[in-house]
1. Sorting check: for 154-161, 51-58, which peptide has the highest mean count of neighbouring beta carbons within 10 Å, and how do the rest follow?
2. Within the chain, what whole-number % of the accessible surface is contributed by carbon and sulfur, with the 1.4 Å probe and all protein chains included in the calculation?
3. Looking at the chain from every direction and averaging, what is the projected area of its Cα convex hull in nm²?
4. Averaged per residue, what accessible surface does the chain expose to a 1.4 Å probe, in Å²?
5. Quick one: which of 99-105, 81-87 comes out on top by average Cβ neighbours within 10 Å, and what's the full order, highest first?
6. Ranked highest first by average number of other Cβ atoms within 10 Å, how do 30-38, 177-185 line up?
Amino acid sequence: MAAPSPRIPLRIPRSWLIVIVATLLAVHFALAVGSKLRESTTADELLHLTGGVSYWQIHDYRLHPENGILPQRWAALPWWLAGAKFPPLAGNPAWDRSDAWVVGHQFFYEMGVDHFPRLMAGRAMIALFSVATGLLVFVWSRRLFGDGGGLVSLVFFTFCPTLLAHGALATSDVCITFFFLAAAGAWWRHLHDGSGLAWALSALLFGLAFVAKYSAVLLVPMIVIMA
């Protein structure tokens with residue numbers, strides 16, 4: 001007797017499936033970002049955004065070097081494009097000693113500009129990584145369990161309190177979450193496919209994970225075990 005199929009017996013027209021997935025991801029984005037409209041700056045956001053703007057404007061990596069540069073640059077991109085003024089560096093002892101806390105306070109609160117609209121822009125940028133993670137969850141689950149399984153996984157992702165709480169904070173957490181899942185998924189695909197394109201995609205995502213956050217080193221034992 002054949003083993004029962006793990007797929008949830010639900011077939012949805014492709015056009016409807018796209019609409020449902022897009023709607024759930026839009027709801028997740030709106031809930032994550034909307035929940036931050038009344039939340040003040042967290043300590044990590046001050047460091048990430050100040051460091052990110054300094055990377056774009058000054059090409060100097062002395063501030064907050066213990067984190068990956070990718071999420072900091074990504075979240076700070078709206079600030080940089082808007083021409084955010086950075087604190088004066090000449091004779092600034094906090095800059096000389098790489099004190100990201102003091103420079104961050106100067107950048108956020110002492111430049112004569114309301115920081116909150118730009119903070120929300122940075123949060124929205126990171127929320128895009130949360131949306132991308134939800135799409136990965138759907139695609140991988142659908143490959144394993146069909147349309148129904150993919151939608152069940154996506155619904156749980158969309159309304160997950162932990163992901164909603166962290167999905168729109170301008171930190172590296174959601175960025176590395178995306179690359180952890182993407183790198184593991186690409187490696188899994190390469191193991192089943194073996195093509196040069198699958199290998200290249202896996203290598204690219206593996207490398208990007210390491211510039212997202214240094215905890216990506218945990219991928220090494222994961223890919224060995226998967227192999």
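The values are calculated or read from the model by the stated rules, or taken from the named source; none is laboratory data. All values derive from a computational prediction rather than experimental measurement. Here the Cβ is made from the backbone with ideal geometry for all residues, glycine too, and neighbour counts use every protein chain on show. Just the protein is used for accessible areas: all its heavy atoms, side chains included, with ligands, DNA and RNA removed. Shrake-Rupley method; radii C 1.70, N 1.55, O 1.52, S 1.80 Å.
1. Most protected by this proxy first, the peptides run 51-58, 154-161.
2. 70
3. 15.3
4. Here the per-residue accessible area is 52 Å².
5. Put in order of decreasing packing, that is 99-105, 81-87.
6. Ranking the peptides 30-38, 177-185 by packing returns 177-185, 30-38.
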